[in-house]
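Comments concern the structure below.
The values are calculated or read from the model by the stated rules, or taken from the named source; none is laboratory data. None of these values were measured; they are calculated from a predicted model. Glycine also receives a Cβ, built like all others from the backbone with ideal geometry; neighbour counts cover every protein chain displayed. All accessible areas refer to the heavy atoms of the entire protein, side chains included, with ligands and DNA or RNA removed. Shrake-Rupley method; radii C 1.70, N 1.55, O 1.52, S 1.80 Å.
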Amino acid sequence: MNWIEGKKCSAEDAAAMIQDGDILGVSGFTLAGYPKAVPLALAARAEKLHAAGESFQVTLYAGASTGDSCDGALSRAGALKLRMPYQSNPSLRKGINDGSIRYIDAHLGKMGYLVRTGAVPAPTVAVIEVSAILPDGRVCLSTSGGNSVCYLDMAPKIILELNTRLGESCVGMHDDALPELPPHAKPLPVYSAGDRVGSEFVKIDVNKVIAVVENDAYDEVTPFVEPDDVSRNIGERILDFIRFEESHGRLPKGMAYQSGVGKVANAVLCAMANDERLGRIDLFTEVIQEAVLPLLKKGKLGVASGTALTLSQAAQQEFVQNAADWKKHFVLRQQEVSNSPDIIRRVGVISMNTALEADIFGNVNSSLVCGSAMMNGIGGSADFARNCALGFFLTPSVAKGGAISSIVPYVSHVDHTEHDTQIFVTEQGLADLRGLASEDRARLIIKNCAHPDFREPLTDFLEYGLKHAKGRHLPLALERAFEMHNRFLETGKML
């Protein structure tokens, strides 16, 4: 009997090996490749302990968000003390915003570095979903890279969840290299989306493995929905602008694309798939979403490099069935590589990320509603926005049926400063902010991106600032900066 058989146990037995106060480093990035059986069993154990009057809470590190069977179940069980670095689960979000769960919202490209350098405590237990375990101690990760290599290396105890449904579909997709730590770190020689510099397997210390749990669960991903008219409009505007820049010699052809999460970002990929003028493209991104499959099926996908393959259940089934032919088009990296500033700059990336709100001076809020309520987090958007060759921030011009303007006088929370943003796009139009001073930026954003219902009050704020602000370089009138936000909190409408 090899070591693998000797470590196999139930999810309940594995969960019993986790202690109150442990720091769990789990696999998973944006609903892909996270453990499912052990977190569910751990949540059930926590509920029993709490009912008996005993304390039980853990800290949870991941790559990004995990599914409801991990983030959601643990949150509802009161089992989470602290979560880092990104989430998207409604139950977890509720706990963060009512103060019962502490949350550290961190740049995704920095999370592994923080752990590896000791800036934050290392995991005490790594709980990692894998698709294959070899007798010599090598494992193949499942549908995400995330921070799994870091957690497997740093944690003194390891629990492996072997997803038997995946078979060999993930073998050959992963590139598990990590950057060297400074000082004098040698750069990883990644120059294009398809470059591979590491192994497809992770070598682990088998003596640290305390449990192997089998499961066949799917990643819990919402089925793909075709883009609506607003999202399609935004996607088409971006492609038109890129073609314009290429035709004027300001943008080399052959740049790789990065697309953030959500229906607007999906719409861009759909527009690419349906655009007959567009040839084969590469993606150098973090989340490879389901909208990439139409590109693949139409022969337009070169290589999609990322750290997560986030697919609905139907698409997961289709991928496993076609993996032998399809997986040569994919590279799944550790997020310290997919989100590496120097590699993003070297590859040359056209970046497209979604904003919650943007202000007339060029600042973007990606994470907080009305300045204090967490939505999901900053994610990896800043990793790309600051280091890309060409960067777009996308948002519909209004939300909540027109009650909220996505273009505001001043954002209620700054994730991306005016120094890091280049181009704003809504269904109303596109504003290229490069080379423009503050007042010129403001007038262009109001004219091209704001909804018609909000152009007059936004212009009024700008004109007031030009007369009353301390300086005209950034005509921000502090006494009126959050008028629209405060009105929304009081009346439910910004107007």
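Scoring Phe424 on the criteria (1) touching a Cys at 6+ places or on another chain (Cβ under 7 Å); (2) surrounded by fewer than 21 Cβ atoms within 10 Å (Cβ to Cβ) leaves a single failure, condition (2). So, of the residues in the stretch 38-75 that are charged (D, E, K, R) and out of contact with any helix residue (DSSP H, G or I) (no Cβ under 7 Å at 6 or more places or on another chain), which turns out to be least open to solvent (accessible area, probe 1.4 Å)? The selected residue is Asp68.
Candidates are the residues of the stretch 251-265 that are open to solvent by less than 20 Å² (accessible area, probe 1.4 Å) and within 16 Å of the chain's Cα centre (by Cα); the one that is nearest to Asn233 (Cα to Cα) is Val264. Restricting attention to the stretch 396-415, the residues that are open to solvent by 10 Å² or more (accessible area, probe 1.4 Å) and not aromatic (Phe, Trp, Tyr) add up to 12.
Checking Lys8, Lys94 one by one, the residue that is among the basic types (Lys, Arg), open to solvent by 10 Å² or more (accessible area, probe 1.4 Å) and within 30 Å of Val414 (Cβ to Cβ) is Lys94 and no other. Screening the candidates Tyr113, Tyr86 for the property of being under 21 Å from the mean Cα position of the chain (by Cα), in contact (Cβ under 8 Å) with a residue 12 or more places away in the chain and closer than 28 Å to Glu47 by Cβ yields one hit, Tyr86. If you scan the stretch 413-471, which residues turn out to be of a type in the set (A, V, I, L, M, F, W, C), in contact with a helix residue (DSSP H, G or I) (Cβ under 9 Å, 6 or more places away or on another chain) and not in a strand (DSSP E or B)? Within the stretch 413-471, Leu433, Leu436, Ala442, Ile445, Ile446, Ala450, Phe454, Leu458, Phe461, Leu462, Leu466, Ala469 meet the criteria.
Considering the stretch 128-148, and only residues there that are open to solvent by 10 Å² or more (accessible area, probe 1.4 Å) and part of a loop (DSSP other than H, G, I, E, B), the residue that is nearest to Glu286 (Cα to Cα) turns out to be Thr143. For the subset of the stretch 246-288 comprising residues that are of a type in the set (Asp, Glu) and either at pLDDT 85 or above or in contact with a Phe, Trp or Tyr (Cβ under 8 Å, 6 or more places away or on another chain) (or both), which member is farthest from Ser65 (Cα to Cα)? Restricting to residues being of a type in the set (Asp, Glu) and either at pLDDT 85 or above or in contact with a Phe, Trp or Tyr (Cβ under 8 Å, 6 or more places away or on another chain) (or both), the top hit is Glu246. Yes or no: Lys208 surrounded by 12 or more Cβ atoms within 10 Å (Cβ to Cβ) and within 21 Å of Asn353 (Cβ to Cβ)? Taking the combined requirement at face value, the residue does not satisfy it.
For Pro223, the conditions (1) surrounded by fewer than 18 Cβ atoms within 10 Å (Cβ to Cβ); (2) under 26 Å from Trp326 (Cα atoms); (3) touching a Lys or Arg at 6+ places or on another chain (Cβ under 9 Å) all hold with the exception of (3). Residues that are under 14 Å from the mean Cα position of the chain (by Cα) and either closer than 28 Å to Val190 by Cα or not aromatic (Phe, Trp, Tyr) (or both) number at least 1 in the following helices (runs of 4 or more DSSP H) confined to the stretch 269-387: 335-338, 381-385. Comparison of His184, His174 shows that the only residue that is under 21 Å from the mean Cα position of the chain (by Cα) and not polar (S, T, N, Q) is His174.
Suppose we filter the stretch 444-459 for residues that are open to solvent by 70 Å² or more (accessible area, probe 1.4 Å) and either touching a Ser or Thr at 6+ places or on another chain (Cβ under 8 Å) or closer than 26 Å to Ser372 by Cβ (or both); how many remain? Going through the stretch 444-459 one residue at a time, the tally reaches 1. Is one or more of the residues making up the stretch 115-127 over 17 Å from Ser367 (Cβ atoms), touching a Lys or Arg at 6+ places or on another chain (Cβ under 6 Å), open to solvent by less than 30 Å² (accessible area, probe 1.4 Å) and in a loop (DSSP other than H, G, I, E, B)? There is no residue in the stretch 115-127 that is over 17 Å from Ser367 (Cβ atoms), touching a Lys or Arg at 6+ places or on another chain (Cβ under 6 Å), open to solvent by less than 30 Å² (accessible area, probe 1.4 Å) and in a loop (DSSP other than H, G, I, E, B).
Restricting to the stretch 427-443, and then to whatever is free of Cβ contacts under 8 Å to residues at least 60 places away in the same chain and under 22 Å from Ala389 (Cβ atoms), can you tell me which residue is surrounded by the most Cβ atoms within 10 Å (Cβ to Cβ)? Ranking the qualifying residues of the stretch 427-443, first place goes to Ala431.
Whenever a residue of the stretch 195-212 is within 24 Å of Val337 (Cβ to Cβ), its partners that are open to solvent by 60 Å² or more (accessible area, probe 1.4 Å) and assigned to a loop (DSSP other than H, G, I, E, B), lying with C-beta atoms within less than 6 angstrom and at least six residues away or across chains, give the pairs Val197/Pro189.
In the set (1) open to solvent by less than 10 Å² (accessible area, probe 1.4 Å); (2) part of a loop (DSSP other than H, G, I, E, B), Glu161 fails one condition alone, (2).
Using the structure shown, decide if Tyr34 is in contact (Cβ under 8 Å) with a residue 12 or more places away in the chain, open to solvent by less than 40 Å² (accessible area, probe 1.4 Å), touching a Ser or Thr at 6+ places or on another chain (Cβ under 9 Å) and aromatic (Phe, Trp, Tyr). For Tyr34, the condition - in contact (Cβ under 8 Å) with a residue 12 or more places away in the chain, open to solvent by less than 40 Å² (accessible area, probe 1.4 Å), touching a Ser or Thr at 6+ places or on another chain (Cβ under 9 Å) and aromatic (Phe, Trp, Tyr) - is met.
A single member of Ala403, Ala373 is in contact with a helix residue (DSSP H, G or I) (Cβ under 9 Å, 6 or more places away or on another chain), within 20 Å of Arg93 (Cβ to Cβ) and aliphatic (A, V, I, L, M), and it is Ala373.
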